[in-house]
Each structure stands twice: as C-alpha cells, then as structure tokens.
Amino acid sequence: MLQAARSVPTRETYDELQVAYSHFNARLFDGALPDCLITLQREKSTCGYFSAKRFARADGETTDEIALNPSYFAAVPLVETMQTLVHEMVHLWQHHYGAPGRVRYHNEEWAAKMEGIGLMPSSTGRPGGKRTGDKMSDYAVEGGPFLLACAELLTLSFNISWYDRFPAVEHVRFGESSLSAALPAAVGGGAAPLASHALLAGVMHASVSAAQDGAAGVAAANKSNRTKYVCGCRSAVWGKPGLVIRCGVCDEAFEPQ
Ligand SMILES: [Zn+2]
Ligand SMILES: [Zn+2]
C-alpha cells in the first residue's frame, strides 16, 4: 500500500528552488556556477537580490546568497519568478567570472551576459529602457535561451508549491498587470492598468513580456487558477486562492468572489 504523501513545506520549497537553480545553471551557464544558499526574504519592493559570500561555515567555507521575495510568488506568473532567479544568477556569475561594478550597479558586462542568455536588460522592464544602472529590470527575448530553458523546466511539471498568503495589494496588482499583459484572453475582465507595473518596474527585477513574446508552453503554464477578490469600494484584484489582502483606498479587506 502506498504511504500517504506527507508534505514537508520547508523541504518542498527549497527543493523546488534548487531544482530550478540547477536547471538554469546547466542550460544557461554550462553548469559553471557554484551552488549558493537560496533564501526567502520579504525585502521591500524588490523581487530578489544577490549577496556575494554572504554565509560562512566554521571550516572557513563561504557561499553566496540569492534571495527571492515570496510576496511575489502568488502575484506574478511562475516565469517571472524564474526570471528573477536567473537575473540574480547572472550577478553570481559575474562575481565569480567577471568584474562587477560598484554595489547595486548593473554594468555593461552584466548587461551583455543577460542579453546572451535571452534576458534583455532594461531600466523599465520594457523595450527602450536603459541597459545599465542601479535599478534594473529585464524582459525575456522571444525564442531566447531563457524562455526555452524555462519552457523545458515547466514541462517537467515544475512548480513553486507554497506561496505567501499575505502579499501587499501592490504585489497582487503588480502580478495581475503582468498576467493580463501575458495572457489577454485568459484574464476575462481582469485587465489591470499596466501603469501599476510600469510604476514599479524600476525598482523590481521582473518583467511582463515573457509569455507575451509567444512562448506558448510558458504561457500555458501560467494559467494557474486565479480567484477574484473585491473590496468595499468595489475594486477587484485577481490572485491565487486563500490570499488575505487589504485595499489601500477603502481600507477594507478584499473578499473572494
Ligand atoms: Zn540586479
Ligand atoms: Zn477598496
């Protein structure tokens, strides 16, 4: 008799993140990146960050940190969380094999590596943005190595199972706008103003255009079930089930419909 699958959330979550890291390391970096310690941090208005040699062990060994913000897990399509991970992996690559700029600066070497693996650096997260700078975003290039590797990962029925149920409403709107940009047909009546994304894009490592670029496999994988939530002033947001969100305008809770 089969034993009932018992969920161990910590192991499940970090195993999934490691699977993604190893997959992209193999596909986009020829497996050259050393492993690191992936952490979950709710750092304000950033989807992720890289910190070189952040952790040490008693024997003198150090390892880098890549932090991901779980507030966005429920809000953005999975492909965008993967995009954040790979963005930080390029920082890790540059730390080991290149010449990083001063802290926070994304220099031309970083930009060229990003472009080489199919993520176009852009200060706005859209075509036409600046290529280098302190606050940088990126968007996935159609047919590029990143989207191909991502589609391959998602066909392995990869998922990030656990998500933060208490995102700020901005997180949800952020993801909603990206979803509507990516999947116009799938978001019945749920079109959110793209401005909210544009507004936030400058401080975030994420973009909206991955699925928009036509990677059907990735787009299909983004059609995770979404619930409609409505607040006292009748504004609506769409997000994963079970979220607890408060409206910044009427200060009432968004209730699932
Ligand atoms: Zn960065
Ligand atoms: Zn409201």
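Each reported figure results from applying straightforward, stated rules to the coordinates on display, with no laboratory input. Bear in mind the structure is a predicted one, so any value in this text is a computation, not a measurement. Glycine also receives a Cβ, built like all others from the backbone with ideal geometry; neighbour counts cover every protein chain displayed.
What to note about this one:
- Of all residues in segment 105-123 being in a strand (DSSP E or B) and surrounded by 22 or more Cβ atoms within 10 Å (Cβ to Cβ), the one that is nearest to ligand 2 (Cβ to nearest atom): Ser122
- Some residue of segment 7-27 being in contact with a Lys or Arg (Cβ under 8 Å, 6 or more places away or on another chain), outside any helix (DSSP H, G or I) and free of Cβ contacts under 8 Å to residues at least 40 places away in the same chain: no
- Gly60 vs. criteria under 23 Å from Glu152 (Cα atoms), away from ligand 1 (no atom under 16 Å from the Cβ) and not in a helix (DSSP H, G or I): no
- Residues being in contact with a Phe, Trp or Tyr (Cβ under 9 Å, 6 or more places away or on another chain) and crowded, with 18+ Cβ neighbours inside 10 Å - total across segment 1-22: 2
- A single entry from Glu61, Glu65 fulfils the requirement of being loosely packed, with under 13 Cβ neighbours inside 10 Å and more than 28 Å from Trp238 (Cβ to Cβ): Glu61.
- Selection status of Thr46, away from ligand 1 (no atom under 11 Å from the Cβ), β-branched (Val, Ile, Thr) and surrounded by 15 or more Cβ atoms within 10 Å (Cβ to Cβ): no
- For segment 134-150, filtered to residues that are out of contact with any helix residue (DSSP H, G or I) (no Cβ under 7 Å at 6 or more places or on another chain) and within 15 Å of Arg27 (Cα to Cα), the residue that is nearest to ligand 1 (Cβ to nearest atom) is Gly144.
- Within segment 133-166, the set of residues being among the small types (Gly, Ala, Ser), under 29 Å from Lys44 (Cβ atoms) and part of a loop (DSSP other than H, G, I, E, B) comprises Ser161 only.
- Enumeration of residues in segment 63-74 that are within 16 Å of ligand 1 (Cβ to nearest atom) and either farther than 26 Å from Ala149 by Cβ or aromatic (Phe, Trp, Tyr) (or both): Tyr72
Let's see how each residue does on (1) buried (at least 24 other Cβ atoms within 10 Å of the Cβ); (2) within 13 Å of ligand 1 (Cβ to nearest atom); (3) part of a helix (DSSP H, G or I):
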| residue | (1), (2), (3) |
| --- | --- |
| Val76 | yes, no, no |
| His96 | no, no, yes |
| Pro100 | no, yes, no |
| Val103 | no, yes, no |
| Gly125 | yes, yes, no |
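- Residue pairs whose Cβ atoms lie under 7 Å apart, sitting 6 or more positions apart in sequence or on different chains, and linking a residue in segment 129-151 that is closer than 16 Å to Glu108 by Cβ to a partner that is surrounded by fewer than 24 Cβ atoms within 10 Å (Cβ to Cβ) and of a type in the set (Asp, Glu), are Thr132/Glu108.
- Residue tally, condition touching a residue at least 40 places away in the same chain (Cβ under 8 Å) and assigned to a loop (DSSP other than H, G, I, E, B), over segment 38-57: 4
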